[in-house]
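What follows draws every value from the coordinates through simple rules; no lab data is involved. Fair warning: this is a prediction, and the values are worked out from it, not measured in the lab. Ideal geometry is used to build each Cβ from the backbone, glycine not excepted, and the neighbour counts take in all protein chains shown.
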Amino acid sequence: MRKHIFFIPALIAISTIILPGCGKDKEDPTPPKTKTELLTTGTWKFSSVTWGGAPATQYLQSCQTDNTAVFVAAGTGTLDEGATKCNAADPQTRAFTWNFQTNESILFISTTLFTGGNSTFNLVSLTENQLVVSQNATFGSVTQLAVFTFVH
């Protein structure tokens, strides 16, 4: 009988020491970032453009493709002209406002980013490192879908 009296407390002591260590650690899953969080993290640089499905980066002026954009969560931002300006009299930076529209499927920017374009972009995809937007753009007398890619 004495063996059982000592065995039960020893079993309880061992259980309280060993069993908690056997459970898996529960990690709180990080919620996915919102589109605003993704857009407002870092500086966006032009990477490439297709126009009518064909590569078209070579048709843009370097004074446009070296520009960068910073979006701020409050709906403002700064466009920097980069190393080259299309017009020497242009300011180095310009402020703009932005917002998402139509269930965050449209990105409105209060300034045009490229000649022939406009202020409203369809949001194709947005990740931590890449922003892809599209809009109808006119070059010469032809209007086609332009898909712009920006990266961090």
Original post:
Ordered by packing density, taken as the mean number of other Cβ atoms within 10 Å over each peptide's residues, highest first, how do 66-73, 94-101 rank?
Top reply: 66-73, 94-101
Original post:
Taking segment 77-152, which GluC sites (Glu not before Pro) meet the DSSP loop condition and have no more than 11 other C-beta atoms within 10 Å?
Top reply: 128
Subject >> Integer Hz, Karplus 6.51/-1.76/1.60 couplings in order for segment 137-152, x for Gly and Pro >> reply: 10, 10, 10, x, 10, 10, 10, 9, 6, 9, 10, 9, 10, 10, 9, 8
**OP:** Using a/c under 1.5 as the rounded threshold, could you call segment 35-151 rounded, prolate or oblate? The axes a ≥ b ≥ c are square roots of the C-alpha gyration tensor eigenvalues, and prolate needs a/b larger than b/c, oblate otherwise.
**Re:** oblate
**OP:** With a point put 7 Å past each Cα toward its Cβ, work out how far residue 48 is from residue 134 in nm, to one decimal.
**Re:** 1.5
Subject >> Eligible aspartates and glutamates near residue 35 by straight Cα distance, threshold 18 Å, same-chain separation 8 or greater >> reply: 104, 128
**OP:** Extending each Cα 7 Å along its Cβ direction at residue 78 and residue 62, get the distance between those two points in nm, one decimal.
**Re:** 2.5
